[in-house]
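Taking it in order: structure first as structure tokens, then the write-up.
The values are calculated or read from the model by the stated rules, or taken from the named source; none is laboratory data. In this text, all values refer to a predicted model and were calculated from it rather than measured experimentally. Cβ sites come from the backbone with ideal geometry, for glycine too, and all protein chains shown count toward neighbours.
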Amino acid sequence: MDAHRNRILIVDDEPQVGLMIREELTERGFVCRVAEDAGRAREIIDTEQPDVLITDIQMPGTNGLDLLVYARKHAPQCKVVLTTGYSNRQYLVQALLLGAHDYIEKPFRPGELAEVIFRAVNGESDGSLLMDRAVDAMELGLQTRQASLDSVTALVRAVEAKDPYTRRHSEQVTHYAVNLARATGLAAPVVESIRVASLLHDIGKIGVPDRILTKPGALTEDEFQKISRHSALGSDILASITLFAKEAKLVRHHHERWDGKGYPDGLVGEQTPLESRIIQTADCIDAMLMDRTYKQGYSVDRMLGELLRCSGTQFDPKIASAAIHWCRGNPDKLILPGRDLVPQPVSA
Ligand SMILES: [Fe+2]
Ligand SMILES: [Fe+2]
């Protein structure tokens, strides 16, 4: 096969991966450029009009799909081939609808990527077969993710069952967080991430001694330190499961505060991911309304008063305001002690 000196732009935030792809394709006669971020990639697309763009779907700070849209607009002849990891198969169909020529799942077999690129430069495509393949991969990815989510949720339930006062806390937080996310107009994939991260937000409590979790009355400084580790610990647990890599970060920051006095990193304002700020507000709504070993549940009015009072210190003012509005408009959806409202199954 002859590559006819076709120009390939490789975009991957992992330098090793970019270099490995370049080596393989250069050996086969392609002329390759490597970019490690979308900004550099856009410059090369504008100035060099590559024949093929190979880009990772998920990169920090940007997204292969954005780059795909950019290339379709600014270099219409350029064929876009996406590389995808196990955890972002859900974007495949979207990518094909946006005009991706093909995709390939990491890790590649030797020679596999070159075959895909030869097909791309020769204008060959699997057509509808490609879409079928993407739908199958997506479905498999979603099933695997759901199965993993079910097992991890079972762990969360086991932790919550230790304390009758926190039973169903995570499901209730999910109920509020998803409703708040939708009320704020967030896109379906973001709502889905919020759903998963809320269900798992307190999973790190598995590493906190039971006597602290169920202690009636105030915690000592040392006990508070121990319980405060749960967000970072939960994040570490989830980070070890590839499918939940994104949610791991959201869980880490669910106790940050708008004024920077939260934990574990003391992030200020919008430094905390929006998703975590929503989960934090939802978490506090549930904690205020329900009874705990150390307090009785607040009335709805008192809870709303606290949201307002702590807007701009504990809570993101925009989210606090959206939460107050949503709670006022949906009194029947608030979960109160003795009112066993089963949250609707939520999916984005
Ligand atoms: Fe928590
Ligand atoms: Fe919580």
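Miscellaneous remarks
- Filter result for Thr214 (among the β-branched types (Val, Ile, Thr), under 20 Å from Ala287 (Cα atoms) and surrounded by fewer than 20 Cβ atoms within 10 Å (Cβ to Cβ)): yes
- Of all residues in region 204-247, those being basic (Lys, Arg), within 15 Å of ligand 2 (Cβ to nearest atom) and part of a helix (DSSP H, G or I) number 1.
- Qualifying residue in region 257-272 (condition: buried (at least 23 other Cβ atoms within 10 Å of the Cβ) and either within 16 Å of ligand 2 (Cβ to nearest atom) or modelled with pLDDT of 90 or more (or both)): yes
- Across region 139-157, the qualifying residues are those that are without any contact (Cβ under 8 Å) to a residue 24 or more places away in the chain and either closer than 27 Å to Pro216 by Cα or within 16 Å of ligand 1 (Cβ to nearest atom) (or both), and the one among them that is surrounded by the fewest Cβ atoms within 10 Å (Cβ to Cβ) is Ala154.
- Options Ala181, Ala187: the member that is assigned by TED's automatic domain parsing to the domain that holds Gln280, away from ligand 1 (no atom under 13 Å from the Cβ), surrounded by 23 or more Cβ atoms within 10 Å (Cβ to Cβ) and among the hydrophobic types (A, V, I, L, M, F, W, C): Ala181
- Test: Lys249 is free of Cβ contacts under 8 Å to residues at least 60 places away in the same chain and surrounded by fewer than 17 Cβ atoms within 10 Å (Cβ to Cβ): no
- Test: residue in region 242-261 that is of a type in the set (Phe, Trp, Tyr) and under 20 Å from the mean Cα position of the chain (by Cα): yes
- With respect to the conditions (1) touching a strand residue (DSSP E or B) at 6+ places or on another chain (Cβ under 9 Å); (2) outside any strand (DSSP E or B); (3) under 21 Å from Ala245 (Cα atoms), Leu96 falls short on a single one, namely (3).
- In region 174-213, the residues that are more than 17 Å from the chain's Cα centre (by Cα), of a type outside the set (Lys, Arg) and closer than 24 Å to Pro264 by Cα: Tyr176, Gly204, Ile206, Gly207, Val208, Pro209, Asp210, Ile212, Leu213
- Subset of region 238-257 that is away from ligand 1 (no atom under 15 Å from the Cβ) and hydrophobic (A, V, I, L, M, F, W, C) - its residue that is nearest to Ala177 (Cα to Cα): Phe244
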